[in-house]
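Below is one structure, written out as structure tokens, with a few remarks after it.
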Amino acid sequence: MEFSSLQKARATYQPKLPIGLQSNVEIKIGASTQSVGNQDEIRTLFPNTYGLPLVEFAPTEEKKEYDKFNVGVILSGGQAPGGHNVISGLFDELKKQNPDNKLYGFLMGPGGLVDHKYKELTADIIEKYRNTGGFDMIGSGRTKLETIEQFDRGLEICRDLGIKALVIIGGDDSNTNACVLAEYYAKINAGVAVIGCPKTIDGDLKNSQIETSFGFDTACKTYSELIGNIQRDANSARKYWHFIKLMGRSASHIALECALQTHPNFTIISEEVEQKQLTLDQIVDEIAQVVAHRANEGNNFGTVLIPEGLIEFVPTIKRLISELNDLLSSEKALAVEGQTPELQFKWVVDNLTEENKQTLLALPQSVGQQLALERDPHGNVQVSLIETEKLLSQMVEARLVQLAEKGQYKGKFAPLHHFFGYEGRCAAPSNFDADYCYALGASAAQLVLNNKTGYMAIVKNTTAPASEWHAGGVPITMMMNIERRNGKAKPVIRKALVELDGAPFLAFAESREKWIENDNYLYPGPIQYWGPTEVCDQTTKTLALEQK
């Protein structure tokens, strides 16, 4: 393995830990918890892991002795900067408490547990990946742990390796699966605990106990650097409109954070679209009016930020998608499996209600087919494949022609398109994410060493210096409610959407009108690893505003 100069330098960086994890640890038991919704149903489904108390780690003079404790770790779902530091923090804390402890990494995600594919993670392996991006130490995957057969297969390898706990690093779906697995192992007294860690660059895994998911900080800073570069180019060339789609299928946290960092001319927030019941035509009209206004000021250029999941928040399309999800997950859909796309699409159209049929047929044919036919492994519409940025720019161009005919637009419209996704998922973690993830890993180790199961590792007070952070754990059931997925009611972790009465959105809303006129964009530049604390260790604008 070859290393760049940056990799070599970053390998020497020692992540900072909260004071509660720096030496001997005392576990403090807090208040009992209940789920955020559907309490009776969640309690019935998780009788062994429901209502557990919050826990927090505090420093103590007392040195606790731990027996040998082997742990397995799994990276699940899409990559996020800092995953390797979670594993490094987990490894270091396990070895600190007992050098005989072993850490096993299951390869390529939850499938590695089911298929018994693993490797022992030694100090030599860990040293190569400290403070690096990506998930390539052990790989990741999207296998969903849902069946008793999978659980039992995992238990076989845990017993063979003497593993007493599994740490699953993932997003809301992965941690929902971790909660189900923890409940099953507790029910049968398997002797294997299950702990989760909050990962997603989308930023939608957060609540009163989880201030931010890891990777969000780094990804947003990476995207903001790119947006800043594009805006400087736009301000130099003065002839292009850049339509930039950003990751975030279920929430607009990334688009909002990048807007706060770069001050683009127009930003769509999906949650606002849904609240205002805007149609696609109304969104297009708003953008066209901004383009026309800037053209009348002599500025035929600008930037538009678009959340990846916008389509699902437009009310008419959301109703269509809801019916499509139920229809395509029903037994009736089996009748057209294996048929040509044309026949499948016709079958879908014929089986929709009239309102949703008209919505589907009004969309461009390519978009309509993607909505009706293509699904991800979770059964969801693959909105990242829908080129919303091109769809909007084409519709804006057509609207500008209409405005020009009325004498309301005399500019030139030259759109360029971008989708920033993979560019941010495996970036080298910022100092914040390097520290945060390392602390999450150490917290996960303390949870398993103290015989906790069904918990998610957490770190709070994250706008303070790292030594003042508060580490601990929250029961996963606390975050759950019942939602309809693939036509069925299921227990899931509730996603956190952008709060339109929250401080980050209100700060954005207060400034966006003046950003329409903006030629003095903000240019955040690349992530800084060395230098003044206010430059290198800053949190996201979102977190700073939320924590005031």
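In table form, for the structure just shown:
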| read-out | value |
| --- | --- |
| Near pairs, Cβ below 7 angstrom, 6+ apart or cross-chain, from segment 28-52 (in contact (Cβ under 8 Å) with a residue 12 or more places away in the chain and more than 17 Å from Val474 (Cβ to Cβ)) to any residue that is of a type in the set (A, V, I, L, M, F, W, C) and not in a helix (DSSP H, G or I) | Asn38/Ile482; Glu41/Ile482 |
| Residues being crowded, with 24+ Cβ neighbours inside 10 Å and part of a strand (DSSP E or B) - total across segment 473-497 | 5 |
| Residue in segment 190-200 that is closer than 28 Å to Tyr521 by Cβ and buried (at least 21 other Cβ atoms within 10 Å of the Cβ) present | yes |
| Qualifying residue in segment 483-499 (condition: over 21 Å from the mean Cα position of the chain (by Cα) and under 23 Å from Gln547 (Cα atoms)) | no |
| Flag for Glu120 being closer than 20 Å to Ser467 by Cα, modelled with pLDDT of 95 or more and acidic (Asp, Glu) | no |
| Test: Glu468 is in contact with a helix residue (DSSP H, G or I) (Cβ under 9 Å, 6 or more places away or on another chain), closer than 30 Å to Asp67 by Cα and among the charged types (D, E, K, R) | yes |
| From the options Ala295, Ala259, residue that is in a helix (DSSP H, G or I), closer than 30 Å to Gly215 by Cα and in the same structural domain as Leu543 (by TED's automatic domain parsing) | Ala259 |
| Residue within segment 223-233 that is farther than 30 Å from Thr463 by Cα and among the small types (Gly, Ala, Ser) present | no |
| Whichever residue in segment 217-254 is within 19 Å of the chain's Cα centre (by Cα) and of a type in the set (S, T, N, Q) and, among such residues, is surrounded by the fewest Cβ atoms within 10 Å (Cβ to Cβ) | Ser250 |
| Hey, Ile163 surrounded by fewer than 21 Cβ atoms within 10 Å (Cβ to Cβ) and in the same structural domain as Ala434 (by TED's automatic domain parsing) or not | no |
| Selected residue (only one of Val194, Val290 is β-branched (Val, Ile, Thr), touching a Phe, Trp or Tyr at 6+ places or on another chain (Cβ under 8 Å) and closer than 20 Å to Leu391 by Cα) | Val290 |
| Residue check, Gln394 out of contact with any helix residue (DSSP H, G or I) (no Cβ under 9 Å at 6 or more places or on another chain), closer than 20 Å to Thr316 by Cβ and modelled with pLDDT under 95 | yes |
| Residue check for Ser250: outside the structural domain of Gly203 (by TED's automatic domain parsing) and in a loop (DSSP other than H, G, I, E, B) | yes |
| Subset of segment 169-218 (residues that are among the aliphatic types (A, V, I, L, M) and more than 21 Å from His470 (Cα to Cα)) | Ala178, Val180, Leu181, Ala182, Ala186, Ile188, Ala190, Val192, Ala193, Val194, Ile201 |
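Residue-by-condition table, conditions (1) on the phi > 0 side of the Ramachandran plot; (2) buried (at least 17 other Cβ atoms within 10 Å of the Cβ); (3) outside the structural domain of Asn70 (by TED's automatic domain parsing); (4) within 23 Å of the chain's Cα centre (by Cα):
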| residue | (1), (2), (3), (4) |
| --- | --- |
| Gly368 | no, yes, yes, no |
| Glu389 | no, yes, yes, yes |
| Val401 | no, no, yes, no |
| Tyr436 | no, yes, no, yes |
| Gly441 | no, yes, no, yes |
| Leu449 | no, yes, no, no |
| Lys452 | no, yes, no, no |
| Met456 | no, yes, no, yes |
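Yes/no per residue for (1) under 20 Å from Phe508 (Cβ atoms); (2) at pLDDT 90 or above; (3) of a type outside the set (Lys, Arg); (4) surrounded by 15 or more Cβ atoms within 10 Å (Cβ to Cβ):
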site: Gln275; (1), (2), (3), (4): yes, yes, yes, no
site: Pro307; (1), (2), (3), (4): yes, yes, yes, yes
site: Thr316; (1), (2), (3), (4): no, yes, yes, yes
site: Glu337; (1), (2), (3), (4): no, no, yes, no
site: Gln344; (1), (2), (3), (4): no, no, yes, yes
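The values are calculated or read from the model by the stated rules, or taken from the named source; none is laboratory data. Note that the coordinates shown come from a computational prediction; the quantities given were computed from them, not determined experimentally. Cβ sites come from the backbone with ideal geometry, for glycine too, and all protein chains shown count toward neighbours.
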